[in-house]
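Q: One structure is given below, represented as structure tokens, and several questions about it will come after.
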Amino acid sequence: MSKSITFIVQPGGQLQGEARVPGDKSMSHRSIMLGSLAEGVTHVKGFLEAEDALATLQAFRDMGVQIEGPVDGCVTIHGVGKHGLKAPQKELYLGNSGTSMRLLSGLLAGQSFNTVLTGDKSLSGRPMKRVTEPLAAMGAAIKTTDKGTAPLEITGRAGQLQAIDYVMPMASAQVKSCLLLAGMYAQGETSVTEPAPTRDHTERMLSGFSYPVKQDGSKVSITAEGKLTATDIDVPSDISSAAFFLVGASIASGSDIVLRHVGINPTRTGVISILRLMGASIEILNERVVGGEPVADLHVVSKPLKGIDIPEELVPLAIDEFPVLFVAAACAEGQTRLSGAEELRVKESDRIQVMADGLQILGVDAQPTADGMVIQGGGKISGGIVTSHGDHRIAMAFAIAGLRANAPITILDCANVNTSFPEFKDLAKNLCLALVCEENSGS
Ligand code: S3P
């Protein structure tokens, strides 16, 4: 039996108060991976207790790593060292999590045992050739379906991987991280060059574990010469989760909120840059560095937004925030145009099509394009029934749209909010969003 979850949001209102959203998803995955491969005991605070990061945690337990927790965001990992993982008894099921699958494929390609990686329907439809092709060039043996999708059958080729100097065709932190993890097991120096900056949590965390990584402009390099030394990790709040409230407080007149302890790594702050270009008032307070990552409190008050042409260089820096940025665009006076964002079509859902469909149902003039969207904002947002297509960020984006709607919005298929932000409904209610959540047992 699986549960289906429906969100119903009452129209109007404003956001008020303070919140600390849960831990960063990307860093939570990486803390488990690197902590497991480290020598010694790693303590993690602020770990995201959501399905995606828990899938990574379970995978490492299945490979023999002793991991305590999570309890209130605290996890203790008894690292087994770079060569200490054991063959899992069964396939590793990674649920909805693209990050788990793509990063693990690199890490597992150089082990001395074989693995099979599987996922849910959405993950099983997502492109994996972007990792399996460069890995094959390194000598990895990974079988996909004919379509280049999961299940991934990985034959461990310990000691046989060769370094690669790879220029990525797309700006992807998952591909970069996958190849760096494979590079930790390859002969020679593995380098990855990115066409535009993407999140650099892997590089930062490798350094935090004292593993040598070389950065030279857009090129990052790694070798097998090194070991990971256990460390303590304090995961900041996820700016991708904070984004829903950054937009909500910006669009709902009279709003005034503070979001505490948010990660503001410059490879992740595109959402703040884009909202500010639209006229939003977002103050960055108490900036500090926690465990090698910049963190701050964000103070947002509502401001009328205006439509903009989103600069393409900001796209990779806000890649997960476009569902809710489309809602901001729908509320902004004038036209907003996004281009250069074809990657959105291969996320947990086709985020261009699914958002355009939902916005149109709500009466918004939203025209999808091959690589983005054109939205004429400032008109009315009506009520209606939309579906998230099982995509967590679409579900939460439409919940935020309720703040500017003139009738209730019902959002179907919201169970996957649990993959990244299980506390969304509670935190949203604390900040005064009129959201109810209906759970039905389905089959
Ligand atoms: C992630 C990278 C991004 C992002 C995803 C998490 C990561 O994916 O969309 O949610 O943790 O490295 P891409 O690398 O495919 O852009």
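The values are calculated or read from the model by the stated rules, or taken from the named source; none is laboratory data. Computed from a predicted structure; not experimentally measured. Cβ coordinates were reconstructed from backbone atoms using ideal geometry, including for glycine residues, and neighbour counts include every protein chain displayed. Side chains included, ligands, DNA and RNA excluded: accessible areas come from the protein's heavy atoms. Shrake-Rupley method; radii C 1.70, N 1.55, O 1.52, S 1.80 Å.
Q: Give the ranking of LEU362, LEU285 by solvent-accessible surface, highest area first, calculated with a 1.4 Å probe.
A: On the way: LEU362 0, LEU285 55 Å².
Correct descending sequence by accessible area is LEU285, LEU362.
Q: Still on this structure, please answer the following. Taking only Cα atoms, what is the 0 to 90° angle, nearest 10, from helix 173-183's long axis to the longest principal axis of the chain?
A: Between helix and principal axis, roughly 10 degrees.
Q: Using the basic label-point model (7 angstrom from Cα toward the beta carbon), what is the GLU342 to GLN367 distance in nanometres?
A: Distance between the two pseudo-spin positions: 2.0 nm.
Q: If packing is taken as the mean number of other Cβ atoms within 10 Å per residue, what is the order of 218-230, 11-23, 47-59, highest first? The partial results should precede the final answer.
A: Numbers: 218-230: 17.4, 11-23: 19.2, 47-59: 24.5.
Taking the mean over residues of other Cβ atoms within 10 Å, the ranking is 47-59, 11-23, 218-230.
Q: Helix 98-109 against the longest principal axis of the chain: what's the angle in degrees, Cα atoms only, rounded to the nearest 10?
A: 10 degrees
Q: Cross-link partners among lysines for LYS306, C-alpha distance below 29 Å, same-chain residues fewer than 8 apart left out?
A: LYS347, LYS380, LYS425, LYS429
Q: Something else now. Could you state the orientation-averaged shadow area of the convex hull built on the Cα atoms of the chain, in nm² to one decimal? Present the calculation step by step, with values, prior to reporting the outcome.
A: On the way: hull surface 74.3 nm².
Computed as one quarter of the Cα hull surface, the answer is 18.6 nm².
Q: Tell me, what is the percent relative contact order of the chain, built from C-alpha pairs under 8 Å that lie six or more residues apart? Walk me through the numbers before you get to the answer.
A: Numbers: 1149 pairs, mean separation 93.0, N = 443.
Relative contact order for the chain comes out at 21 percent.
Q: Let's see if you can work this out: charge +1 on each Lys and Arg Cβ, -1 on each Asp and Glu Cβ, no other charges. What is the dipole magnitude of region 199-240 about its Cα centre, in debye to the nearest 20? Kindly include the intermediate steps, with their values, before the conclusion.
A: Working: 5 positive and 7 negative charges, 36 e Å.
The dipole of region 199-240 has a size of about 180 debye.
Q: Further question on the same structure: Given a Förster radius of 41 Å and the C-beta distance between GLN89 and LYS214 as r, what FRET efficiency does 1/(1 + (r/R0)^6) yield to the nearest 0.05?
A: Values: r = 38 Å, r/R0 = 0.92.
With R0 = 41 Å, the Cβ-Cβ based efficiency is 0.65.
Q: Please work out how much accessible surface THR269 shows to a 1.4 Å probe, ignoring ligands, DNA and RNA, in Å² rounded to 10.
A: Its accessible surface works out to 30 Å², give or take rounding.
Q: Hey, another quick one. Residue by residue, what Karplus-based ³J(HN,Hα) values in Hz, rounded to whole numbers, does region 282-293 have, using 6.51, -1.76 and 1.60 with θ = phi - 60° and x for Gly and Pro?
A: Working through the residues one at a time gives 10, 9, 9, 10, 6, 4, 8, 10, 10, x, x, 10 Hz.
Q: Can you list the equivalent-ellipsoid semi-axes of region 25-234, largest first and in whole Å, using the square root of 5 times each Cα gyration tensor eigenvalue?
A: Numbers: eigenvalues 102, 81, 55 Å².
Gyration-tensor ellipsoid for region 25-234: 23, 20, 17 Å.
Q: Another question about this same structure. Calculate the radius of gyration of the Cα atoms of region 90-132 to one decimal place, then report Dmax, the largest Cα-Cα distance, as a whole number, both in Å.
A: 10.0, 29
Q: Further question: Along its three principal axes, how long is region 394-443 when you only count alpha carbons? Whole Å, largest extent first please.
A: Principal-axis extents of region 394-443 (Cα, largest first): 34, 20, 16 Å.
Q: Please give, to one decimal in nm, the separation of the simple spin-label points placed at GLN16 and ALA407, each 7 Å out from Cα toward the Cβ.
A: About 2.9 nm, to one decimal.
Q: Could you tell me how many degrees, from 0 to 90 and to the nearest 10, lie between the Cα long axis of helix 322-331 and the main elongation axis, the longest principal axis, of the Cα atoms of the chain?
A: 10 degrees
Q: Near the amide H of ALA186, under 5 Å away, which other amide H atoms are found, from residues 5 or more places off or on another chain, if H is placed in the peptide plane?
A: ALA224
Q: Among 341-347, 327-333, 383-389, 354-360, what's the highest-first ranking by average C-beta atoms within 10 angstrom per residue? Numbers along the way, then the final one.
A: Numbers: 341-347: 18.3, 327-333: 26.3, 383-389: 20.7, 354-360: 22.9.
Going from most to least packed, we get 327-333, 354-360, 383-389, 341-347.
Q: To the nearest 10 square angstrom, how much accessible area does CYS74 have with a 1.4 angstrom probe?
A: 60 Å²
Q: Something else now. Using a Gaussian network for the chain with springs between C-alpha atoms less than 10 Å apart, which of these wobbles most: GLY35, GLY292, GLY98?
A: Ranking GLY35, GLY292, GLY98 by mean-square fluctuation puts GLY292 first.
Q: Show me the ranking of peptides 206-217, 313-324, 149-160, 105-116 by mean Cβ neighbours inside 10 Å, starting with the highest.
A: Working: 206-217: 15.5, 313-324: 24.1, 149-160: 18.3, 105-116: 22.3.
So the order, starting with the most tightly packed, is 313-324, 105-116, 149-160, 206-217.
Q: Further, regarding this structure: Residue by residue through region 190-196, what is 3J(HN,Hα) from phi via Karplus (6.51 cos²θ - 1.76 cosθ + 1.60, θ = phi - 60°)? Round to whole Hz and write x for glycine and proline.
A: Result, ordered by residue: 8, 10, 10, 10, 9, x, 7 Hz.
Q: Tell me the relative contact order for region 25-234 as a rounded percent, counting alpha carbon contacts under 8 Å between residues six or more apart.
A: Values: 496 pairs, mean separation 44.8, N = 210.
About 21 percent, as a whole number.
Q: Note the full-extension length gain between SER281 and VAL71 as 0.36 nm times their separation in residues minus their Cα-Cα distance, in nm to one decimal. If you can, show how the numbers build up before the last one.
A: Numbers: separation 210, 0.36 × 210 = 75.60 nm, distance 3.55 nm.
Extending this stretch completely gives an extra 72.1 nm.
Q: On to the next question. Debye calculation, C-alpha points only, no solvent: report log10 I(q)/I(0) for region 207-281 at q = 0.14 Å⁻¹, in the same order as the q values.
A: After summing over all Cα pairs, the log10 values are -0.66.
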